[in-house]
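Please read the structure below before turning to the comments.
The values are calculated or read from the model by the stated rules, or taken from the named source; none is laboratory data. Bear in mind that the values here come from a model prediction, so they are computed numbers and not experimental data. Neighbour counts run over all protein chains shown; Cβ positions are idealised from the backbone, glycine included.
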Amino acid sequence: MTEEKAPEEKERAEKMITDDITDDGQRKRLATMLQTFGLARIQYSAFRGELNANDRAVLARRVSQFVNDEHDSIFIIPLCDRCTGTAEIISNSGACLVTEELRGWSWDNSPLKPYHDVKLPMYSICSKYCPTSRDVYLRHVLKKKGEMTYPVSLGSVTHAAINETYRQVRRKNFNPNFEEWYNTQKFEISMQGNLELIKKYAGRDMIATSAPFLIEHKISGELIGCSGILSVDCYDYLHNIMFDVKTGIKKEEVNPFKLYATGYALVFESIYEVPVDIGCTVFLNFKDDRLLVERDLFHISDDLRSWWIEERDKKLEMVYEEKDPGMAECERRCMYEAVCRA
């Protein structure tokens, strides 16, 4: 019987790297470097992947530069086949590993590769506003324009206010005159409803959430079938968390709005090849002159990624083949109600 080689003697072997680095900047740079070696982040300070003997030696030398404080440490742990085969993951959300083929950087392979030469904005792919998705057909096939309803108006103004907040923060202006800015935008001309509450809360509450993030970051989604220019609501570049802001909508136990952060995470991965495993939907609502904020933090799992791909493929096919899905029984006012029933 041939004796099985130890992991260190194999051409490529599984390794797990864990780190405890006190400096946030150094820890972020270490994570980026580990990912360039093809290691996948499985927890905040734990990475796993295959390395050959040469890469392991190079990695061991390079990670030493990040150990500066007396409390800093980095472990490179070999994993044999038996270890990886019997490993268990215990968490409230189940296993947090993401299949490689469902990462954004696998955009040129199935199932992420789009098979129709159509590009759609993220809201058209993720929206579950219409049960039959006829809003997508009306907008992208028949080229109809929807009505600017109050919920849509509220969302547009909220995003504009958050973007302006961050712009002022970058200019080190922590006490901007939002009433003056709001009045110059003339929102009431093109939008519906009472939007004064946005003006009231913009300077006080929104500024507290904007500083550590990329706000309204522009990015191309063409590699995975999205529009050429997408605007990411918010990305936490310190913790790799993708945020999406929703207004006038309450948090639900089964949250279809997770698709937005999932889609943006896939786009981000396709361009920057940085894993984004955590998403957060922020729900903003107004009640009795008060701003209410709810958050739904979640793992961007294989199931969510597959769901997003299914929605994308269904709607790309609808537009490409110009198939009318038919009218639905709408339970709330839709911005396409007038043209849909015409």
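Summary table
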| item | result |
| --- | --- |
| Meets criteria (modelled with pLDDT of 90 or more and under 14 Å from the mean Cα position of the chain (by Cα)) for PHE268 | yes |
| Any chance ASP233 is among the acidic types (Asp, Glu), under 25 Å from GLN43 (Cα atoms), surrounded by 16 or more Cβ atoms within 10 Å (Cβ to Cβ) and modelled with pLDDT of 85 or more | no |
| Cβ pairs under 8 Å, 6+ apart, first in the stretch 127-144 and in the same structural domain as VAL245 (by TED's automatic domain parsing), second basic (Lys, Arg) | SER133/LYS314; SER133/LYS315; VAL136/LYS315; TYR137/LYS323; LEU138/LYS144; ARG139/LYS145 |
| Given (1) closer than 26 Å to ARG103 by Cβ; (2) of a type in the set (Gly, Ala, Ser); (3) at pLDDT 75 or above, number of the condition ALA57 does not satisfy | (1) |
| Any hit, the stretch 300-317, residues being assigned to a loop (DSSP other than H, G, I, E, B) and of a type in the set (A, V, I, L, M, F, W, C) | yes |
| The stretch 294-316 residues that are more than 19 Å from VAL276 (Cα to Cα) and without any contact (Cβ under 8 Å) to a residue 60 or more places away in the chain, paired with ones that are surrounded by fewer than 16 Cβ atoms within 10 Å (Cβ to Cβ) and among the hydroxyl-bearing types (Ser, Thr, Tyr) (beta carbon under 9 Å, 6 or more apart) | none |
| Single condition ILE74 does not satisfy, out of (1) surrounded by fewer than 18 Cβ atoms within 10 Å (Cβ to Cβ); (2) over 26 Å from the mean Cα position of the chain (by Cα) | (1) |
| Selection count, the stretch 22-53, where residues are exposed (fewer than 13 other Cβ atoms within 10 Å of the Cβ) and farther than 26 Å from GLU101 by Cα | 3 |
| Count - residues of the stretch 23-48 that are of a type outside the set (A, V, I, L, M, F, W, C), at negative phi and not in a helix (DSSP H, G or I) | 6 |
| Single residue of SER45, SER73, SER110, SER64 found to be small (Gly, Ala, Ser), modelled with pLDDT of 85 or more and touching a helix residue (DSSP H, G or I) at 6+ places or on another chain (Cβ under 9 Å) | SER110 |
| Pick from the stretch 262-279, criterion of a type in the set (Val, Ile, Thr) and crowded, with 24+ Cβ neighbours inside 10 Å, ranking: farthest from GLU310 (Cα to Cα) | VAL276 |
| Matching residues in the stretch 283-326 - criterion: being within 20 Å of the chain's Cα centre (by Cα), surrounded by 20 or more Cβ atoms within 10 Å (Cβ to Cβ) and of a type in the set (A, V, I, L, M) | LEU284, ILE300, LEU304, ILE309 |
